[in-house]
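For reference, the structure discussed in these notes is given below.
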Amino acid sequence: MLQPTTPLYNPRYDQAKRVTTSHRLISVGLFSSLADPEPPYLPPYWERRVQPEGSTYFVRDSVPKVITSADMEDSTIQENIGTCIGAVHKMLSEQNLKLSDSTELYLELDEEAESGRYYLVDHATRTLFWLESVETDELGIPKTVSGDHLRSALEGQYWQHVEYFPCHQATGLNLSLNELIHVFSQAQADHMTSDTSTFPYSAEQSKEIAQILTTFQSSSDVSGYARWTIARFWASVANYRTMNHHGQEVCRLSIDQSILESTAVSASSWAYELTSKEAFFWSSRVISAPL
């Protein structure tokens with residue numbers, strides 16, 4: 001059985017497993033061209049990738065591409081993931097839907113491995129979607145005021161997906177690097193000319209981030225490290241825009257402005273239940289201010 005999920009609920013930072021180290025025998029020529037060990041078996045079209053932070057994930061070259069953090073070198077996991085893929089194809093067939101090449105399917109197995117969770121991303125439109133109707137509160141997505149506002153919230157989740165899985169060739173992925181550099185340059189100017197900017201990074205931080213991003217402009221081969229970095233900052237920008245109702249009829253232009261009805265949000269919940277990792281990137285002056 002498959003349930004909808006989002007990158008917000010990805011358990012990657014809630015590692016509960018423990019490992020035991022031991023001394024090992026280094027045989028003659030081990031890891032050299034003389035005796036390169038046989039790699040673990042993977043099913044056809046599957047490849048293993050290592051994310052810049054060090055975690056591994058697996059990608060199946062298909063339409064849609066399939067992404068999972070489950071250990072596809074385990075035969076039982078292979079069978080369970082195969083069952084989940086079959087369930088997705090059944091939903092597509094029942095609704096007479098055909099996915100584009102720019103779509104990726106993320107699958108996550110529950111601990112008992114008897115059920116799983118899924119979402120799909122479309123790189124062409126920078127969004128998450130599902131093959132069933134689902135309420136935003138079930139997905140941890142914040143309340144919004146319009147369809148465009150909801151799309152903004154989903155774009156933040158999209159960039160988080162790219163950050164978590166940046167080390168494969170994703171069809172249709174457009175990192176919009178120049179635009180992101182300009183976002184941080186404008187934010188620097190905003191802070192330099194205003195004491196009430198809502199942008200979460202200071203002028204100095206924005207300058208440093210723009211300089212980091214500029215280093216990727218001269219590279220013709222975009223690495224997983226570059227995709228990870230760019231996606232993380234796009235996720236921060238997308239979340240900032242969602243929180244401040246960027247592009248909506250009523251948007252928050254100043255940190256000392258309140259735009260929500262007092263009953264709509266509490267001081268402890270307006271920040272959309274940021275994870276501890278996300279909260280680290282948000283300046284305390286922005287998070288503590290009333291929306």
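Here, each number is a calculation from the coordinates, and none is a lab measurement. In this text the structure is predicted, and so the values were computed from the model without any measurement. All Cβ positions, even for glycine, are placed from backbone atoms using ideal geometry, and neighbour counts span all protein chains on display.
Odds and ends about this structure:
- One residue stands out in the range 93-136 among those that are aliphatic (A, V, I, L, M) and exposed (fewer than 15 other Cβ atoms within 10 Å of the Cβ): the one that is farthest from Pro43 (Cα to Cα), namely Ala124.
- Thr125 within 30 Å of Val237 (Cβ to Cβ), more than 19 Å from the chain's Cα centre (by Cα), in a loop (DSSP other than H, G, I, E, B) and among the β-branched types (Val, Ile, Thr): no
- Filtering Thr68, Thr76 for residues that are surrounded by 14 or more Cβ atoms within 10 Å (Cβ to Cβ) and under 20 Å from Lys17 (Cα atoms) leaves a single hit, Thr68.
- Residue check for Ala210: in contact with a helix residue (DSSP H, G or I) (Cβ under 7 Å, 6 or more places away or on another chain), within 15 Å of Leu177 (Cβ to Cβ) and either touching a residue at least 40 places away in the same chain (Cβ under 8 Å) or of a type in the set (Ser, Thr, Tyr) (or both): no
- Among the candidates Ser115, Ser102, the residue that is among the polar types (S, T, N, Q) and in contact with a Gly (Cβ under 8 Å, 6 or more places away or on another chain) is uniquely Ser102.
- Test: residue in the range 156-175 that is more than 26 Å from Ile85 (Cβ to Cβ), free of Cβ contacts under 8 Å to residues at least 60 places away in the same chain, under 20 Å from the mean Cα position of the chain (by Cα) and not in a helix (DSSP H, G or I): yes
- Exactly one residue out of Pro11, Pro44, Pro4 is without any contact (Cβ under 8 Å) to a residue 24 or more places away in the chain, closer than 28 Å to Ala87 by Cα and not aromatic (Phe, Trp, Tyr), and it is Pro44.
- On the stretch given as the range 10-59, residues that are in a loop (DSSP other than H, G, I, E, B), within 18 Å of the chain's Cα centre (by Cα) and not small (Gly, Ala, Ser) total 6.
- Inside the range 85-118, residues that are acidic (Asp, Glu), out of contact with any Asp or Glu (no Cβ under 9 Å at 6 or more places or on another chain) and more than 14 Å from Gln3 (Cβ to Cβ) make up a count of 2.
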